[in-house]
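Okay, structure first, notes after.
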Amino acid sequence: MTTVSIAEAPNRGPAEHAVRDQIIEAANECFARYGFQKTTVSDLAKSIGFSKAYIYRFFESKQAIGEAICQSRLDIIIGSARSAMAEATGANDRFRRMFRTVTNLGVELFFDDRKIYEVAALAASEDWNSARSYTQMLMSIIEDIVKEGRESGEFERKTPLDETCRSIFYAMMPFTNPLHLERNLALVPDGQNEVASLILRSLAP
């Protein structure tokens, strides 16, 4: 393949986004095949015919590429959870659907795309921006569900909202955090369902 030089870098706009997407797609394939740790930016550059310097034109580091891949996968999980919640009737059902969807998609990623799952686990262990963003999105969803449940009378209102939401998030971690899920795969789906039931019983008025 012909190596692209810095001088040939595309203008800002749709063309640049297309190149970024091309790099991410190639990186996704390389990481899935060889693993994140074993893949270098030079390996990635060779696989798509770009110079290493050209890739750094779009991403400051290999981690930044990994961040983009993780963010994309996590956005899919959150989007799927929101879609599942949209079909729910009431806060209890909304919570169960959200928790089940997030867990199932995590398990699916573990078995179907093992090396990409390892990138997500690394993001969680090293507290990458994508992992923090995922935590914030989950916390936001939990807060919305708890508020809805309190307004509808399904959930108690005495415990401070922030304490309630943090406690729910902590209880969910064995099934929503990649580092913990790997150790708890044998507990899905029964364990996840039981934890969901325990959480909802604790929220009852």
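So here's what we get for this one:
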{"item": "Positions within the range 51-103 being without any contact (Cβ under 8 Å) to a residue 24 or more places away in the chain, in a helix (DSSP H, G or I) and within 17 Å of Ala196 (Cβ to Cβ), in sequence order", "result": "Ala84, Asp93, Arg97"}
{"item": "Test: Asp127 is without any contact (Cβ under 8 Å) to a residue 24 or more places away in the chain and either part of a helix (DSSP H, G or I) or under 12 Å from the mean Cα position of the chain (by Cα) (or both)", "result": "no"}
{"item": "Single unsatisfied condition, Met173 versus (1) assigned to a helix (DSSP H, G or I); (2) farther than 30 Å from Tyr34 by Cα", "result": "(2)"}
{"item": "Selection count where residues are open to solvent by 30 Å² or more (accessible area, probe 1.4 Å) and either outside any helix (DSSP H, G or I) or not acidic (Asp, Glu) (or both), scope the range 108-117", "result": "4"}
{"item": "Single match in Arg132, Arg57, Arg97, Arg150 (criterion: among the basic types (Lys, Arg) and touching a helix residue (DSSP H, G or I) at 6+ places or on another chain (Cβ under 6 Å))", "result": "Arg97"}
{"item": "Looking only at the range 75-134, and only at residues there that are hydroxyl-bearing (Ser, Thr, Tyr) and touching a Gly at 6+ places or on another chain (Cβ under 9 Å), the one that is farthest from Phe36 (Cα to Cα)", "result": "Ser130"}
{"item": "Some residue of the range 134-148 being touching a residue at least 12 places away in the same chain (Cβ under 8 Å), more than 20 Å from Met85 (Cβ to Cβ) and in the same structural domain as Tyr117 (by the TED database)", "result": "no"}
{"item": "Pairs, first under 24 Å from Tyr117 (Cβ atoms) in the range 185-201, second open to solvent by less than 80 Å² (accessible area, probe 1.4 Å) and outside any helix (DSSP H, G or I), C-beta under 7 Å, six or more apart", "result": "Gly191/Asn184"}
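The values are calculated or read from the model by the stated rules, or taken from the named source; none is laboratory data. Just so you know, these numbers come straight off a predicted model, no measurement behind them. So basically every Cβ, Gly included, is an ideal-geometry build from the backbone, and we count neighbours across all protein chains shown. In case anyone asks, the SASA skips ligands and DNA or RNA and just uses the protein heavy atoms, side chains included. Shrake-Rupley method; radii C 1.70, N 1.55, O 1.52, S 1.80 Å.
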